[in-house]
1. Taking the stretch 93-107 as the search range and keeping residues that are among the hydrophobic types (A, V, I, L, M, F, W, C) and not in a loop (DSSP other than H, G, I, E, B), which one is farthest from Val44 (Cα to Cα)?
2. Please specify each residue of the stretch 189-232 satisfying the condition of being crowded, with 19+ Cβ neighbours inside 10 Å, under 15 Å from Val177 (Cβ atoms) and not aliphatic (A, V, I, L, M).
3. Can you name the number of the only condition in (1) of a type outside the set (A, V, I, L, M); (2) surrounded by 15 or more Cβ atoms within 10 Å (Cβ to Cβ); (3) at pLDDT 95 or above that Glu64 fails?
4. Please enumerate the residues belonging to the stretch 87-122 that are basic (Lys, Arg) and surrounded by fewer than 16 Cβ atoms within 10 Å (Cβ to Cβ).
5. As an exercise: evaluate Trp130 against (1) more than 14 Å from the chain's Cα centre (by Cα); (2) surrounded by fewer than 21 Cβ atoms within 10 Å (Cβ to Cβ) and give the number of the one condition it does not meet.
6. Hey, can you tell me all the residues within the stretch 108-133 that are assigned to a strand (DSSP E or B), under 18 Å from Gln166 (Cβ atoms) and touching a residue at least 24 places away in the same chain (Cβ under 8 Å)?
7. Look at the stretch 110-133 and say how many of its residues are within 19 Å of Ile152 (Cβ to Cβ) and either touching a strand residue (DSSP E or B) at 6+ places or on another chain (Cβ under 7 Å) or at pLDDT 95 or above (or both).
8. Condition (residue is crowded, with 16+ Cβ neighbours inside 10 Å, out of contact with any Phe, Trp or Tyr (no Cβ under 7 Å at 6 or more places or on another chain), acidic (Asp, Glu) and over 28 Å from Glu109 (Cβ atoms)) applied to the stretch 36-51: is it met by at least one residue?
Amino acid sequence: MVLPKPLVPSKFVKRLNRFAISVKLRNGQVVTAHLPNSGRLHEVLKAGNKFWLAHRPNLNRRTEFDAVLAKDGNALVSVDARLPPKLLLEGIKAGIVRQFGEVVGVRAEIHFGNHRLDLQLRNSSSQFWWVETKSVTLVSDGVALFPDAPTIRGQGHLRLLGELAQKGELAAVVFVVQREDAKIFVPNESADPEFARILREVARAGVRVLAYKCTVTFTHLQISQQIPVRLD
């Protein structure tokens, strides 16, 4: 995935609401940027922390900038939670993600009552996979953790995948870690114990649980490698 260019460097000032942050540009101007991520993001939302923005001048927007990247220590982090479905499809096309077979058909945003799943994949063996992706930005000592806050919506997605698996359907949840320093994925029990419990439950019911980390640069973002998942 090619990132917008040029990226505008800035420093984090404060979070204004779930989807907006205040940042200071190099010239000292303080501006508002759209934050496409409703997670807590405590690892990057620190006063003075480095952010990189995409300039989006448009009269129909409330802000002129989108937050794209941030620093967490030495790690460069993609903060856009909308990207995992596209990243997964790019990873499939590149041959990095092979767990679904040779994918020959894709449907996006399939609705089931009050919920929707990100993708339905059809492979060359005429198998259909129901897939939900999750954006992961929190990594601690090489351990990728999701969620970083309680997620009723995420719990609902897992339950839906579990119901599909119990009916004999192929179902998977894919955790896309949008940074390079993850070595393993673990559900974040301390942030949402119910999500962790349901994830273990649906995995036993047949839902495939996968995790991938990404290569992140100032110009590109892509899934690079599968990492182990530890549910116990």
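The values are calculated or read from the model by the stated rules, or taken from the named source; none is laboratory data. No experiment lies behind these values; they were computed from the predicted model shown. Here Cβ is always computed from backbone atoms with ideal geometry, including for glycine, and neighbour counts include all displayed protein chains.
1. First pass over the stretch 93-107, keeping only residues among the hydrophobic types (A, V, I, L, M, F, W, C): 94, 96-97, 100, 103-104, 106.
With not in a loop (DSSP other than H, G, I, E, B) added as a condition, the list becomes 103-104, 106.
Working: Val103: 35, Val104: 38, Val106: 34 Å.
Filtering the stretch 93-107 for residues that are among the hydrophobic types (A, V, I, L, M, F, W, C) and not in a loop (DSSP other than H, G, I, E, B), the one farthest from Val44 (Cα to Cα) comes out as Val104.
2. Tyr212, Lys213, Cys214
3. So Glu64 meets the others, but not (3).
4. Narrowing the stretch 87-122 to residues basic (Lys, Arg): 93, 98, 107, 116, 122.
If the condition is that a residue be basic (Lys, Arg) and surrounded by fewer than 16 Cβ atoms within 10 Å (Cβ to Cβ), then Lys93, Arg98, Arg107, Arg116 are the ones that fit.
5. Result: Trp130 fails condition (2) only.
6. Phe112, His115, Leu117, Phe128, Trp129, Trp130, Val131, Glu132
7. 5
8. The answer is yes, given that some residue of the stretch 36-51 is crowded, with 16+ Cβ neighbours inside 10 Å, out of contact with any Phe, Trp or Tyr (no Cβ under 7 Å at 6 or more places or on another chain), acidic (Asp, Glu) and over 28 Å from Glu109 (Cβ atoms).
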